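Below is one structure, written out as structure tokens; the observations come after it.
The values are calculated or read from the model by the stated rules, or taken from the named source; none is laboratory data. A quick note: this is a predicted structure, and the numbers were derived from the prediction, not measured. As a convention, Cβ positions derive from the backbone with ideal geometry for all residues, glycine included, and neighbour counts pool all protein chains shown. Note: accessible area is taken over every heavy atom of the protein model, side chains too, but ligands, DNA and RNA are not part of it. Shrake-Rupley method; radii C 1.70, N 1.55, O 1.52, S 1.80 Å.
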Amino acid sequence: MTITISNLQPVIAIIAGILILVMPRLLNYIVAIYLIAVGVLGLGLLRGLT
């Protein structure tokens, strides 16, 4: 997989989501799930759902 500028934002969102999950609080879970979802959708890993 080649990482380009267009893939950078989703990758950062996934990494930020995972790091937030390491230090859990309710708001952190909500933000982490949102960031991971945006990252997965942004990378096009769920093309069949969109």
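The calculated FRET efficiency for residue 45 paired with residue 21, based on their beta-carbon distance and R0 = 22 Å, is about 0.75.
Largest first, the residues 41, 21 sort by 1.4 Å accessible area into 41, 21.
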